[in-house]
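Sending over a structure as structure tokens; questions will come in a sec.
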Amino acid sequence: MPNEIVILGYGPVGRATVAALLAKGRAVRVAQRSRPADLAAAVPFTPCDVLDARSVRTAIEGAAQVAVAIGFEYLGAVWEKVWPVAMQNLLDACAAENIRMVFLDNLYMYGPQHAPLVETMPLSDRKRKPAARARITRMWQQDRRVRVAALRAPDFYGPGVLLSHVGETGLAAIARGKAASFVFPPDQPHDFAYIPDIGRAMVSLLDADDAAFGQVWHMPCAPTLTSRQILAMGARAAGVPLKLRNIPPFLLDMLAPFVPFLRELREMRFQWDRPYRVDAAKWKARFWSDATPFETGVAATIASFRG
């Protein structure tokens, strides 16, 4: 279909991007391993395994652009193996079709920082997951065949979002009348992006001219709060007192060798043991700055889990 945009990955960001495009009357096709159960019947779907070059080429054939919002199991050993393969397959397929790619990224590749994160910070090869993200960044930056725009977002939250530090064990737990749990110290200022805002930003890049490509863009967020403040806001929206449990740092260190998931989280502790702010001045000067306030986003998130 002419001007069709292929969305690779139908997790929270893929869903938000599809919704934003459909609201604008755009032609959209979704691709991932299996058809999502909640994908509208009217939205075309193509099976795709991003680790198979032929599958990726088939999935994006005939597309006008591709938006990538995929993820892999949260294991450093897995990321080291699969992310370079996926990125190479995506670049080769986009080059063959001569189309642009908008790539949803995270902020791991900057490594430990004390200043607000800006797009000009150097890439870090410290630790496994940051090094994996740095490697695939270099891949697209050095590939002169494909026009790529990377949208880098911090931890996110929003309606229906469970896989988030303030998701299933945070706002969802509060909405269900349970105590919230938080792995890291909850009183450090930390930026969170709202999922519908990320979908909107993905569309902003898809609609941008080529001057916006070949570079990195930081996702705008509501003014920074601590995780405790966000969870307290959720408790107020739910009409319940905040009950919050967290794992003290010394206990995390004790448990991590025996609990694989905690071991993977501990590697990223540098994002949580200090203020974690994202500088989105570049984005705001080029696109928009009205990120959804936490009061609005948290209330909508609590309502989604209660519903």
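The values are calculated or read from the model by the stated rules, or taken from the named source; none is laboratory data. Everything quoted here is computed from the prediction, not taken from an experiment. Counting neighbours? That spans all protein chains shown, and the Cβs are built from the backbone with ideal geometry, glycine included.
I'd like the residue in the stretch 9-48 that is hydrophobic (A, V, I, L, M, F, W, C), under 18 Å from residue 197 (Cα atoms) and touching a residue at least 24 places away in the same chain (Cβ under 8 Å) and, out of all such residues, is surrounded by the most Cβ atoms within 10 Å (Cβ to Cβ).
Kept after step one, since they are hydrophobic (A, V, I, L, M, F, W, C), are these residues of the stretch 9-48: 13, 16, 18-23, 27-28, 30-31, 37, 39-43, 45, 48.
Subset that is under 18 Å from residue 197 (Cα atoms): 13, 16, 18-23.
Those left that are additionally touching a residue at least 24 places away in the same chain (Cβ under 8 Å): 13, 16, 18-21.
Working: 13: 28, 16: 26, 18: 26, 19: 17, 20: 21, 21: 21.
Checking each candidate, the answer is 13.
Of the residues 245, 236, which single one is touching a Ser or Thr at 6+ places or on another chain (Cβ under 8 Å) and either surrounded by fewer than 20 Cβ atoms within 10 Å (Cβ to Cβ) or among the small types (Gly, Ala, Ser) (or both)? Spell out the reasoning first.
Working: 236 fails: touching a Ser or Thr at 6+ places or on another chain (Cβ under 8 Å).
Within the list 245, 236, the selection yields 245.
Quick check, is residue 236 farther than 30 Å from residue 78 by Cβ, without any contact (Cβ under 8 Å) to a residue 60 or more places away in the chain, out of contact with any helix residue (DSSP H, G or I) (no Cβ under 6 Å at 6 or more places or on another chain) and not acidic (Asp, Glu)?
Details: farther than 30 Å from residue 78 by Cβ: yes; without any contact (Cβ under 8 Å) to a residue 60 or more places away in the chain: yes; out of contact with any helix residue (DSSP H, G or I) (no Cβ under 6 Å at 6 or more places or on another chain): yes; not acidic (Asp, Glu): yes.
Considered against the rule, which asks whether it is farther than 30 Å from residue 78 by Cβ, without any contact (Cβ under 8 Å) to a residue 60 or more places away in the chain, out of contact with any helix residue (DSSP H, G or I) (no Cβ under 6 Å at 6 or more places or on another chain) and not acidic (Asp, Glu), residue 236 comes out as yes.
Kindly provide the set of residues from the stretch 184-210 that are crowded, with 16+ Cβ neighbours inside 10 Å and over 21 Å from residue 278 (Cα atoms), ordered by number.
Once the filter is applied, which keeps residues that are crowded, with 16+ Cβ neighbours inside 10 Å and over 21 Å from residue 278 (Cα atoms), the stretch 184-210 yields 206, 208.
Residues checked against (1) surrounded by fewer than 19 Cβ atoms within 10 Å (Cβ to Cβ); (2) out of contact with any His (no Cβ under 8 Å at 6 or more places or on another chain); (3) charged (D, E, K, R):
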residue	(1), (2), (3)
71	yes, yes, no
77	yes, yes, no
110	no, yes, no
114	yes, yes, no
121	yes, yes, no
130	no, yes, no
138	yes, yes, yes
146	no, yes, no
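Quick one: residue 252 ticks every box in (1) within 25 Å of the chain's Cα centre (by Cα); (2) free of Cβ contacts under 8 Å to residues at least 40 places away in the same chain except a single one, so which number is it?
Unmet for residue 252, out of (1) within 25 Å of the chain's Cα centre (by Cα); (2) free of Cβ contacts under 8 Å to residues at least 40 places away in the same chain: (2).
Please state which one of 265, 225 is in contact (Cβ under 8 Å) with a residue 24 or more places away in the chain, out of contact with any Leu (no Cβ under 8 Å at 6 or more places or on another chain) and hydrophobic (A, V, I, L, M, F, W, C). Working first, answer last.
Values: 265 fails: out of contact with any Leu (no Cβ under 8 Å at 6 or more places or on another chain).
The match here is 225.
Write out, first by first residue and then by second, each pair whose Cβ atoms fall under 6 Å of each other, whose residues are 6+ apart or on separate chains, and whose first residue, in the stretch 152-181, is over 16 Å from residue 200 (Cα atoms) and at pLDDT below 95 while the second is charged (D, E, K, R) and in a loop (DSSP other than H, G, I, E, B).
165/155
Within the stretch 59-73, how many residues are without any contact (Cβ under 8 Å) to a residue 40 or more places away in the chain and either in contact with a strand residue (DSSP E or B) (Cβ under 7 Å, 6 or more places away or on another chain) or on the phi > 0 side of the Ramachandran plot (or both)? Even if it seems obvious, please write down each step before you answer.
Just the residues of the stretch 59-73 that are without any contact (Cβ under 8 Å) to a residue 40 or more places away in the chain, to begin with: 61, 72-73.
Those still in the list that are either in contact with a strand residue (DSSP E or B) (Cβ under 7 Å, 6 or more places away or on another chain) or on the phi > 0 side of the Ramachandran plot (or both) too: none.
Total satisfying the criteria: 0.
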